[in-house]
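Chemist: The following block contains the structure, expressed as structure tokens.
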Ligand code: HEM
């Protein structure tokens, strides 16, 4: 059925506001009645395509005439002030995107990342020791969910962890939809300056870390200093915010599904833990504002024509609840095979850090609930502040006790 754009086109606030805090908004899922493609209205009045099915999302994310370049006219930007295009290769097209991504992808291969498992285990165990020795209730976000990925990405990049307060606060503002364009620009500028300073230091005194490798490419003329600093900002933000949200929201989801938590806690099988990570990625899908793109040529798909210059939103939370791919999609089932999820995106921009995110989540989900078997929320769910205003979903705080 062809979709006509009229007053009935629903708003897509780009944030989660469903009755169940783990589910995509029902009114957007209902758009499937139009077929795989519908239209939504954004904050600026534009009406991009909204792709509700897993198969069509993958087809479009892998399509050569679909651009991730945020500066192209028609790109469905999240909110005022997010169309600047300075967040490095995540918002670029090939060949520039591939040129920059290739420079850092060696650090994120499954083999390289696997070598970090003992270090990640040590970090997780030490933080749990500190939790157990400290007062309770405690905010799990501040005491555990944020420190784990922040310590890991700092170690990998060669960023001093002592600066975590600074970079965590600014990262939060960069991806907060309710931040004003000015606030976002100031936060981004601070992170850029910080990373630029670090790149300068690594040029002078290289160490055995990823930022030093990036800095060496500035020295050899393969990369400008600006590109290097922008890449550093991308890796630092993407490397801690996302995983931190999965740790806290995943823990809350498991505490709300005690049967599933028991299956995970009581299994000795590392494959079950790895499977549970995939299922929680599918079920929670924290990048809830969707993959955003713009067509660079007319594209015929699912009986519709996406015209060149039209925006396209691929809400991966809705694809991950596609009943054609995942039976009983609204059930959290840690034993299911959820590996076809698109929580890490698809196509050339598929998450560079996914082996690292998987490793961290496997260690966390496989350790935390065994070492603290009586872990419980210390506040009713209605009092937990959800990140409805973030481009990345999660909770701002999670008070827990045991
Ligand atoms: C559970 C945690 C994570 C989730 C759910 C996640 C999700 C995603 C998604 C959906 C994309 C695709 C963006 C698009 O298509 O527009 C992406 C890209 C990316 N992610 Fe992650 N991510 C996670 C952790 C990480 C970590 C730990 C890093 C480490 C630095 C990282 C670095 C990146 C980078 C650099 C890109 C851009 C890739 C490109 O454009 O080629 N991510 N991520």
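Chemist: Modelled with pLDDT under 95, within 19 Å of the chain's Cα centre (by Cα), assigned to a helix (DSSP H, G or I) and within 11 Å of the ligand (Cβ to nearest atom): which single residue out of 239, 250, 232 fits that description? First the steps, then the outcome.
Modeler: Details: 250 fails: modelled with pLDDT under 95; 232 fails: modelled with pLDDT under 95.
Testing whether each residue is modelled with pLDDT under 95, within 19 Å of the chain's Cα centre (by Cα), assigned to a helix (DSSP H, G or I) and within 11 Å of the ligand (Cβ to nearest atom) leaves just 239.
Chemist: Related question: Can you tell me how many residues within the range 253-268 are surrounded by 22 or more Cβ atoms within 10 Å (Cβ to Cβ) and closer than 18 Å to residue 143 by Cβ? Let's see the steps before the verdict.
Modeler: Of the range 253-268, the ones surrounded by 22 or more Cβ atoms within 10 Å (Cβ to Cβ) are 254, 264.
Keeping just the survivors that are closer than 18 Å to residue 143 by Cβ gives 254.
Counting residues in the range 253-268 that are surrounded by 22 or more Cβ atoms within 10 Å (Cβ to Cβ) and closer than 18 Å to residue 143 by Cβ gives 1.
Chemist: In the range 140-208, which helices (runs of 4 or more DSSP H) lie fully inside it and hold 2 or more residues that are closer than 23 Å to residue 120 by Cβ? Give the derivation first.
Modeler: Values: elements: 147-157, 164-174, 181-204.
Result: 147-157, 164-174.
Chemist: I'm checking my understanding of the structure. Among residues of the range 346-355 that are out of contact with any strand residue (DSSP E or B) (no Cβ under 9 Å at 6 or more places or on another chain) and closer than 17 Å to residue 237 by Cβ, which one is farthest from the ligand (Cβ to nearest atom)?
Modeler: Of the range 346-355, the ones out of contact with any strand residue (DSSP E or B) (no Cβ under 9 Å at 6 or more places or on another chain) are 348, 350-355.
After this cut, where a residue has to be closer than 17 Å to residue 237 by Cβ as well, the list is 351-354.
Working: 351: 3, 352: 4, 353: 2, 354: 6 Å.
This residue is 354.
Chemist: Moving to a separate point now. Working only within the range 99-118, note down all residues that are surrounded by 14 or more Cβ atoms within 10 Å (Cβ to Cβ) and not in a loop (DSSP other than H, G, I, E, B).
Modeler: Passing the criteria: 99, 100, 101, 103, 104, 107, 108, 112, 113.
Chemist: What pairs come up if the first residue lies in the range 144-172 and is closer than 12 Å to residue 195 by Cα and free of Cβ contacts under 8 Å to residues at least 40 places away in the same chain, the second is within 12 Å of the ligand (Cβ to nearest atom) and part of a helix (DSSP H, G or I), and their beta carbons are under 8 Å apart, counting only those six or more places apart or on different chains?
Modeler: Every condition considered, the pairs that remain are 160/154.
Chemist: Continuing with the same structure: Considering each of 385, 380 in turn, give the residue that is surrounded by fewer than 15 Cβ atoms within 10 Å (Cβ to Cβ), free of Cβ contacts under 8 Å to residues at least 40 places away in the same chain and within 27 Å of residue 152 (Cβ to Cβ). Write out each step before concluding.
Modeler: Working: 380 fails: within 27 Å of residue 152 (Cβ to Cβ).
Within the list 385, 380, the selection yields 385.
Chemist: In the range 324-345, how many are away from the ligand (no atom under 16 Å from the Cβ) and on the phi > 0 side of the Ramachandran plot?
Modeler: Of the residues in the range 324-345, 1 are away from the ligand (no atom under 16 Å from the Cβ) and on the phi > 0 side of the Ramachandran plot.
Chemist: Continuing with the same structure: Under 8 Å between Cβ atoms, at least 6 apart or on separate chains: pull out the pairs that start in the range 321-348 with a residue that is farther than 21 Å from residue 51 by Cβ and in contact (Cβ under 8 Å) with a residue 40 or more places away in the chain and end on any residue that is in a loop (DSSP other than H, G, I, E, B) and away from the ligand (no atom under 16 Å from the Cβ).
Modeler: Close Cβ pairs satisfying both conditions: 332/257; 336/326.
Chemist: Filter the range 17-50 for residues that are touching a strand residue (DSSP E or B) at 6+ places or on another chain (Cβ under 7 Å) and over 20 Å from residue 295 (Cα atoms); which is surrounded by the most Cβ atoms within 10 Å (Cβ to Cβ)?
Modeler: Filtering the range 17-50 down to residues touching a strand residue (DSSP E or B) at 6+ places or on another chain (Cβ under 7 Å) leaves 21, 31, 36-41, 46-50.
Restricting the remaining residues to those that are over 20 Å from residue 295 (Cα atoms) gives 21, 31.
Working: 21: 19, 31: 22.
For the range 17-50, the residue satisfying everything is 31.
Chemist: Specify the residue that is nearest to residue 256 (Cα to Cα); the eligible residues are those in the range 281-296 that are within 9 Å of the ligand (Cβ to nearest atom) and outside any loop (DSSP other than H, G, I, E, B).
Modeler: Result: 284.
Chemist: Ok, one more. Determine if the range 368-382 includes at least one residue that is within 16 Å of the ligand (Cβ to nearest atom) and either in a loop (DSSP other than H, G, I, E, B) or within 20 Å of the chain's Cα centre (by Cα) (or both). Steps first, answer last, please.
Modeler: Filtering the range 368-382 for residues within 16 Å of the ligand (Cβ to nearest atom) gives 368.
Applying the additional criterion that residues be either in a loop (DSSP other than H, G, I, E, B) or within 20 Å of the chain's Cα centre (by Cα) (or both) yields none.
The answer is no, given that none of the residues of the range 368-382 is within 16 Å of the ligand (Cβ to nearest atom) and either in a loop (DSSP other than H, G, I, E, B) or within 20 Å of the chain's Cα centre (by Cα) (or both).
The values are calculated or read from the model by the stated rules, or taken from the named source; none is laboratory data. Only a predicted model underlies this, so the values are computations on that prediction, with no experimental measurement involved. Positions of Cβ are backbone-derived with ideal geometry, glycine not excepted, and every protein chain shown enters the neighbour counts.
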